[in-house]
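Here is the structure we will look at, set down as structure tokens.
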Amino acid sequence: MDVEKAIRTRRTHKAFGAAPVERDVLEQLLELATWAPNHHLTNPWRFRVIGSRTRERLMELAEAEQPGSAVKLRRAPTLVAVSAHQGGDPAEDREDLLATAVAAYLVLLGAHARGLAGYWRTVGLLDTPAGRQALGIGDDETPVGVLYLGHPVQEQRVPERAPLQQVLSYLE
């Protein structure tokens, strides 16, 4: 699949088959993400594949924080927490956070190109001390979100997009 087709046809999926993404495919996707542009080649992204025990712990924490929210952590068979390493320089930290967001999107595009489904969800729980501890996210990292990955069970509709003229300005 060419890159333009991947960009135009990738959709958010929230209905997945039960089979997890195979480990070798997952590692291919995460390696692809490391090609995201990042200033000074800092490689700020950190990926944590969430196993069953950690998922159960996160579900307990989510349910205690907001009853009914834990079910969202069951949607996909494969979950990957994404965070950005932060070195303390405000300008570099901002660039590293944005580079990590690009890396997360590269995982979604690569998954789509392989016939997988996925979506990216920011999860407030990752900003809490308990959530960070459950995932081993240190004080020198900023959580970006969780990638939900798996095999699709349905087609997604193509949403409308704003016309280019609505979002484009030429400045002199």
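Just to verify a result, which residue in region 1-50, among those that are at pLDDT 90 or above and among the polar types (S, T, N, Q), is farthest from the chain's Cα centre (by Cα)?
Among those that are at pLDDT 90 or above and among the polar types (S, T, N, Q), it is T42.
What residue, among those in region 136-172 that are over 24 Å from T100 (Cα atoms) and polar (S, T, N, Q), is surrounded by the most Cβ atoms within 10 Å (Cβ to Cβ)?
Residue satisfying both the conditions and the ranking: Q156.
Any idea which of R114, R46, R55 is touching an Asp or Glu at 6+ places or on another chain (Cβ under 7 Å), of a type outside the set (A, V, I, L, M, F, W, C) and within 22 Å of D24 (Cβ to Cβ)?
Every option except R46 fails the conditions.
What about W45, is it out of contact with any Lys or Arg (no Cβ under 9 Å at 6 or more places or on another chain), surrounded by 12 or more Cβ atoms within 10 Å (Cβ to Cβ) and either within 27 Å of Q156 (Cβ to Cβ) or among the charged types (D, E, K, R) (or both)?
yes
Only one of these is on the phi < 0 side of the Ramachandran plot, hydrophobic (A, V, I, L, M, F, W, C) and touching a Leu at 6+ places or on another chain (Cβ under 6 Å): V21, V49, V25, V3. Name it.
V21
Return a yes/no flag: does region 83-98 have any residue that is at pLDDT below 95 and either closer than 25 Å to Q154 by Cα or touching a Pro at 6+ places or on another chain (Cβ under 6 Å) (or both).
no
Suppose we keep only residues that are part of a loop (DSSP other than H, G, I, E, B) and touching a residue at least 60 places away in the same chain (Cβ under 8 Å) within region 83-122. Which one would you say is surrounded by the fewest Cβ atoms within 10 Å (Cβ to Cβ)?
Top of the filtered list is R114.
Filter region 50-61 down to residues that are over 11 Å from V146 (Cβ atoms) and either assigned to a helix (DSSP H, G or I) or hydroxyl-bearing (S, T, Y) (or both), then give me how many there are.
Qualifying residue count, region 50-61: 8.
Name the one entry in V158, V146, V71 that is outside any helix (DSSP H, G or I), among the hydrophobic types (A, V, I, L, M, F, W, C) and more than 27 Å from P44 (Cβ to Cβ).
Step by step, each of V158, V146, V71 is checked, and only V158 is outside any helix (DSSP H, G or I), among the hydrophobic types (A, V, I, L, M, F, W, C) and more than 27 Å from P44 (Cβ to Cβ).
Taking interchain pairs and intrachain pairs at least six residues apart, which have beta carbon atoms under 6 angstrom, with the first residue in region 49-64 and in contact (Cβ under 8 Å) with a residue 40 or more places away in the chain and the second among the hydroxyl-bearing types (S, T, Y) and crowded, with 16+ Cβ neighbours inside 10 Å?
A62/S69
Kindly list, by first and then second residue, each pair from a residue in region 19-40 that is surrounded by 13 or more Cβ atoms within 10 Å (Cβ to Cβ) to a residue that is in a loop (DSSP other than H, G, I, E, B), limited to pairs with Cβ atoms under 6 Å and residues at least 6 apart or on different chains.
P20/P77
Looking at V80, V71, which one is under 18 Å from A15 (Cα atoms), hydrophobic (A, V, I, L, M, F, W, C) and surrounded by fewer than 12 Cβ atoms within 10 Å (Cβ to Cβ)?
V71
The values are calculated or read from the model by the stated rules, or taken from the named source; none is laboratory data. Note that the coordinates shown come from a computational prediction; the quantities given were computed from them, not determined experimentally. Cβ: placed from backbone, ideal geometry, glycine included. Neighbour counts: every protein chain shown.
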